[in-house]
1. Along its three principal axes, how long is the chain when you only count alpha carbons? Whole Å, largest extent first please.
2. Please give, to one decimal in nm, the separation of the simple spin-label points placed at E63 and A91, each 7 Å out from Cα toward the Cβ.
3. Taking the Cβ of Y36 as the centre, find all other residues whose Cβ is under 10 Å away and add up their charges (Lys, Arg: +1; Asp, Glu: -1).
4. In whole percent, what relative contact order does the chain give with Cα contacts below 8 Å and a gap of six or more residues?
5. What does the highest-first list of 52-60, 86-94 look like by mean Cβ count within 10 Å?
6. Got a sec? Which residues in region 19-39 would a label at A80 touch, if it sits 7 Å along Cα→Cβ and we count backbone N under 12 Å?
Amino acid sequence: MHCSGCHGPSGAGHPDFVPDLREIGALLDRPGGRAYLARVPGVAQAPVADAELADLLNWVLTEISRVPDLHPYGADEIGAFRREPLRDPVAARP
Ligand code: HEC
């Protein structure tokens, strides 16, 4: 409900405008990637509580991105990351 308006029901996004959520698993392996995924504005500013946002992002990473061995985000971790949303996510992308 909070993501598919832009990223689409399959997560595929839109070429040149909205990134493909099926491809984001690789970012977890890059330095700063774990924080980046929680700090992009669409995630950080989603109108849900920290625990719900952790569940949501974990769901996207397992069901849409097909990350096989996800170390799930916790509510406290998400809470800390989302308090610092990225002002320039394109420049900050790891
Ligand atoms: C208003 C449109 C919009 C909404 C709603 C939205 N996003 Fe995004 N998302 C974007 C755009 C555009 C980007 C590219 C970076 C930027 O400009 O913020 C992005 C980037 C991302 C990225 C980084 C992808 C990459 O490859 O760098 C992730 C992860 C993400 N969004 C997940 C989500 C999730 C999960 C939700 C729902 C909680 C969500 N987004 C809601 C438009 C949106």
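1. 32, 28, 27
2. The modelled label-to-label distance comes out at 3.6 nm.
3. In short, +4.
4. About 31 percent, as a whole number.
5. Going from most to least packed, we get 52-60, 86-94.
6. 35
Each reported figure results from applying straightforward, stated rules to the coordinates on display, with no laboratory input. Being a predicted model, the structure only gives us computed values, none of them experimental. Cβ sites come from the backbone with ideal geometry, for glycine too, and all protein chains shown count toward neighbours.
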